[in-house]
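Here is the structure we will look at.
The values are calculated or read from the model by the stated rules, or taken from the named source; none is laboratory data. Keep in mind the model is a prediction, meaning the values are calculated, not measured. Here the Cβ positions follow ideal geometry from the backbone for every residue, glycine too, while neighbour counts run over all protein chains shown. Protein only, heavy atoms only, side chains kept; ligands, DNA and RNA dropped before computing areas. Shrake-Rupley method; radii C 1.70, N 1.55, O 1.52, S 1.80 Å.
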Amino acid sequence: MKIVEKDIREEFRITDQNIIIDDKRKEETLLYLQEEIAGKQTRVLSNRKEILLQQFWYMDKFMIGIHAAFCIISILIMIILHWSVGYGRFVMKIGEEEIILISTILSGILGIVSIMEIGRVFFSGIAELSESCYFNVRQMVAFQLVLSGIINLMFLFISILFVGIRWKMELLRIGLYILVPFVIAECCCLMVVLSEVGRKNSYLLVMVGAFVIVFYCILASSPELYRITALAVWGVALIVGLLLLAVQMKILFRGIEKGEILCAN
């Protein structure tokens with residue numbers, strides 16, 4: 001790998017030697033920039049809190065808004081299901097199997113939305129331009145992961161408690177049924193983001209996400225997988241999924257740091 005990096009740097013050095021810089025245009029550009037900057041007020045931020053707030057203020061919040069809106073809608077769906085079970089004249093037959101299916105689908109979609117939030121940085125096609133900002137791409141992706149993680153943890157925690165208490169299920173059991181689809185969905189979608197084809201085509205990520213949801217629907221139709229005796233399998237699946245997700249995150253950040261993802265983007 002070091003030999004490959006050395007060869008790439010040598011190629012860049014040779015290419016730079018062939019680039020002819022026009023000193024006159026360089027001076028004109030410098031004067032133009034100085035005139036533009038002179039007419040603007042530049043605010044120096046020295047406080048880390050202010051820097052983070054400014055980053056949050058100016059960052060693209062479209063996917064964060066969709067992420068938060070999906071969590072709110074999902075919680076409202078569960079509340080409506082809670083009111084519909086055993087209340088009113090028209091009673092919906094929402095038993096344990098039905099709520100497990102609904103929870104599985106919602107947690108899977110949540111995992112897909114979380115990765116789409118990160119993938120939007122690369123889908124724009126100007127990730128290398130973001131690298132020139134105060135926060136580089138690696139830091140911005142980490143920042144978005146933290147925000148996404150906070151939203152996900154809040155939603156998953158509320159969902160596990162709500163479903164477990166309302167439908168009288170063990171928290172460990174419903175926790176595995178919700179966490180495993182979430183983690184597996186993130187792993188599948190992050191695998192798409194790590195590929196060059198996936199970063200250039202956002203529809204591929206949507207297709208993979210749709211396939212994962214269909215797979216969960218088929219999986220939920222097998223009652224044998226949701227028996228107490230199968231909890232060990234779900235536990236192993238969660239551990240394997242978390243390990244795979246950690247490896248994928250490491251590959252993502254290493255690729256951004258080395259410039260492999262940015263150059264390919």
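Observations on the model:
- Residue 258 open to solvent by 10 Å² or more (accessible area, probe 1.4 Å) and within 13 Å of residue 119 (Cβ to Cβ): no
- Residue 205 meets all of the listed conditions (1) within 16 Å of residue 113 (Cα to Cα); (2) touching a Ser or Thr at 6+ places or on another chain (Cβ under 8 Å) but one, namely (2).
- Of all residues in segment 171-205, those that are free of Cβ contacts under 8 Å to residues at least 40 places away in the same chain and surrounded by fewer than 18 Cβ atoms within 10 Å (Cβ to Cβ) total 6.
- Check on residue 121, within 30 Å of residue 236 (Cα to Cα) and at pLDDT below 95: no
- Filter result for residue 172 (among the aliphatic types (A, V, I, L, M), over 22 Å from residue 73 (Cβ atoms) and at pLDDT below 95): yes
- Among the candidates 228, 218, residue that is of a type in the set (Val, Ile, Thr), modelled with pLDDT under 95 and either more than 20 Å from residue 106 (Cα to Cα) or open to solvent by less than 20 Å² (accessible area, probe 1.4 Å) (or both): 228
- Residues located in segment 191-212, provided they are at pLDDT below 90 and either in a loop (DSSP other than H, G, I, E, B) or more than 30 Å from residue 258 (Cβ to Cβ) (or both): 195, 201
Every residue, every condition in (1) open to solvent by less than 30 Å² (accessible area, probe 1.4 Å); (2) touching a strand residue (DSSP E or B) at 6+ places or on another chain (Cβ under 8 Å); (3) at pLDDT 90 or above, yes or no:
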position	(1), (2), (3)
39	no, no, no
58	no, no, no
66	no, no, yes
74	yes, no, yes
86	no, no, no
89	no, no, no
104	yes, no, yes
114	yes, no, yes
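- Yes/no for residue 146 being within 21 Å of residue 225 (Cα to Cα), among the hydrophobic types (A, V, I, L, M, F, W, C), open to solvent by 10 Å² or more (accessible area, probe 1.4 Å) and assigned to a helix (DSSP H, G or I): no
- Checklist (1) assigned to a helix (DSSP H, G or I); (2) farther than 27 Å from residue 117 by Cα applied to residue 183, failing item: (2)
- Residue 154 meets the stated requirement of being open to solvent by 80 Å² or more (accessible area, probe 1.4 Å), over 15 Å from residue 118 (Cβ atoms), under 16 Å from the mean Cα position of the chain (by Cα) and not hydroxyl-bearing (Ser, Thr, Tyr).
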